[in-house]
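Okay, structure first, notes after.
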Amino acid sequence: MSLIDRTRAVLDQAIGVYRGTPYAGRLTGVRDRLDAPLRVAVAGRVKAGKSTLLNALVGERLAPTDAGECTRIVTWYQDGHTYQVQATPKGEAPRPLRFTREDGAIDIDLGGLTSAEVERLVVTWPARGLRTATLIDTPGIGSLSDQNAQHTWDLLVPDDEETPADAVVYLLRHLHAGDVEFLRAFHDTEVSRPSPVNAIGVLSRADEIGVGRLDSMASARRIAARLGADANVRRLVQSVVPVAGLLAETAVTLTEIEVAQLRRIADLPVKQAEELLLSADRFVNTRPELGLTNLEREALLGRFGLFGVRLTSTLLRREVATTATDLSRELAERSGLTQLREIIGSLFLERRDVLKSRSALLALAETTRACDRPGGEAVAAAVEEIMASAHPFNELRVLSSLRAGWITGKPDVVAELERLIGGSGSAASDRLRLPPDAGAAELTDAAAQALTRWQRRAENPMTTYEMAVAARVAVRSCEGLLAGMGRPR
């Protein structure tokens, strides 16, 4: 049986045990959640650019990015066949809300409710970006209102250990003490709580690091690489990716009208264009002969930022991209959005079943502790058996221990171990450090060689105990790779 099937079976068993109690309905919801899209929360400090990044991931400007009432409420964005918004007031049933959409973002009428009275908003919207993952927008950590920040803590670090989110994308502008405090809540070597393998760090508003220069993203990538290699950061998140959020959002919502306006700048002589774009004030108020009104220029700044206008006009001048479609693809790449999507795909979506099973077993374990029923001990034992024996969970434990620095060794050995157990993605090519287009023979040969190496390391009496335990997990990973390729182990 697959991990999901084993999890579903123990949930079915538990629903029978807890039938007639309030926990039965909760467990039924947990079981149904196994077949739903992965839930990914977007969190970070105030003004880190959470809503802007969420819009970029969705591919539409849905989440409001101003400081309105709705930004203080935990808001779920999920795929559906209809357009609707529901509010769940605290202690009450969900109710539909009226909404309008102007300039892309949804303007929600709370119907007399305040943000303090609403537990969550659920926005259902047919969107390609929401088919594989439900995105959860959270109020900023460290806001002036402790109550707003508490909503995020309650969602992602609940007292009962059960969190509605399967994974977290955490936005950093720099590593603030509050970020460390929050992310440490996800760190545990046991799968029974969220861990750094379920979190990705995003160096947000990355274009501002280089003060909007054309090489700003290169500087941001160097800083993100240093952060990602820092032992303290590695204990908190799997990876750190630099993203220029505003440019990423604009990349996926770019219009031909905006491209035509930017071509006017690209058509200027290089020196004149550079002088025009020295500052936002010069861009808005000089060169009336450009043929763009002040309002149009302000709108471009609002959509691209000064860095984005500089970059986009340069790309058009050099004919790197000539159409809105080509330019959209190029901006997504240069903003860091493409890399972030790839990392979310390899570290979250490819690990979907593991993360969802983990969330379900976490909820089930809490139920067995909270409610004593005949048959509950058998359910608790089944949960413990899955957590202890399922190989994907063993990989997560080893990965967490590596990130925490509890498993040590030669750098090249530790790096190979981390990749082999899925630290850089679950695909065979990622695990074996081969190109994505590597052939079956090359993959099989690399897996067989890795199996031999890690078998020897596991059996070597000079190997430390921690590394020997990890090596046995790596051996099982290699055996799984070879089995998947149809080669006998």
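As for the range 14-25, it holds no residue that is assigned to a helix (DSSP H, G or I), on the phi < 0 side of the Ramachandran plot and polar (S, T, N, Q). A single member of Arg213, Arg303, Arg226 is of a type in the set (Lys, Arg), within 27 Å of Thr338 (Cβ to Cβ) and surrounded by 17 or more Cβ atoms within 10 Å (Cβ to Cβ), and it is Arg303.
Note on the range 310-337: residues that are more than 27 Å from the chain's Cα centre (by Cα) and either closer than 14 Å to Arg264 by Cα or of a type in the set (Ser, Thr, Tyr) (or both) total 10.
Quick check, is Leu402 of a type in the set (A, V, I, L, M), surrounded by 14 or more Cβ atoms within 10 Å (Cβ to Cβ), more than 18 Å from Ala9 (Cα to Cα) and in contact with an Asp or Glu (Cβ under 6 Å, 6 or more places away or on another chain)? It is true that Leu402 is of a type in the set (A, V, I, L, M), surrounded by 14 or more Cβ atoms within 10 Å (Cβ to Cβ), more than 18 Å from Ala9 (Cα to Cα) and in contact with an Asp or Glu (Cβ under 6 Å, 6 or more places away or on another chain).
The set of residues in the range 302-319 that are outside any helix (DSSP H, G or I) and on the phi < 0 side of the Ramachandran plot contains only Arg318. I want to confirm something. Restricting to the range 274-330 and keeping residues that are hydroxyl-bearing (Ser, Thr, Tyr) and under 18 Å from Ile257 (Cβ atoms), which single residue is modelled with the lowest pLDDT? Going through the qualifying residues, I end up with Thr322. Of all residues in the range 196-213, those that are outside any strand (DSSP E or B) and either at pLDDT 85 or above or among the acidic types (Asp, Glu) (or both) total 5. All conditions but one from (1) touching a Leu at 6+ places or on another chain (Cβ under 7 Å); (2) at pLDDT 90 or above apply to Ala105; the one that does not is (2). Within the range 56-82, the set of residues being in a loop (DSSP other than H, G, I, E, B), at pLDDT 90 or above and touching a Lys or Arg at 6+ places or on another chain (Cβ under 8 Å) comprises Gly59, Asp79.
Where helices (runs of 4 or more DSSP H) fall wholly inside the range 345-432, the ranges with 1 or more residues that are of a type in the set (Lys, Arg) and at pLDDT below 90 are 352-370, 391-404. Scanning the range 281-338 for residues that are within 21 Å of Gly210 (Cα to Cα) and out of contact with any helix residue (DSSP H, G or I) (no Cβ under 9 Å at 6 or more places or on another chain) returns a single hit, Asp281.
Of the residues Gly480, Gly484, only one is in contact (Cβ under 8 Å) with a residue 12 or more places away in the chain, closer than 16 Å to Ile421 by Cβ and surrounded by fewer than 16 Cβ atoms within 10 Å (Cβ to Cβ); which? Matching residue, one of Gly480, Gly484: Gly484.
The values are calculated or read from the model by the stated rules, or taken from the named source; none is laboratory data. Here the structure is a predicted model, which means the values were calculated and not measured. So basically every Cβ, Gly included, is an ideal-geometry build from the backbone, and we count neighbours across all protein chains shown.
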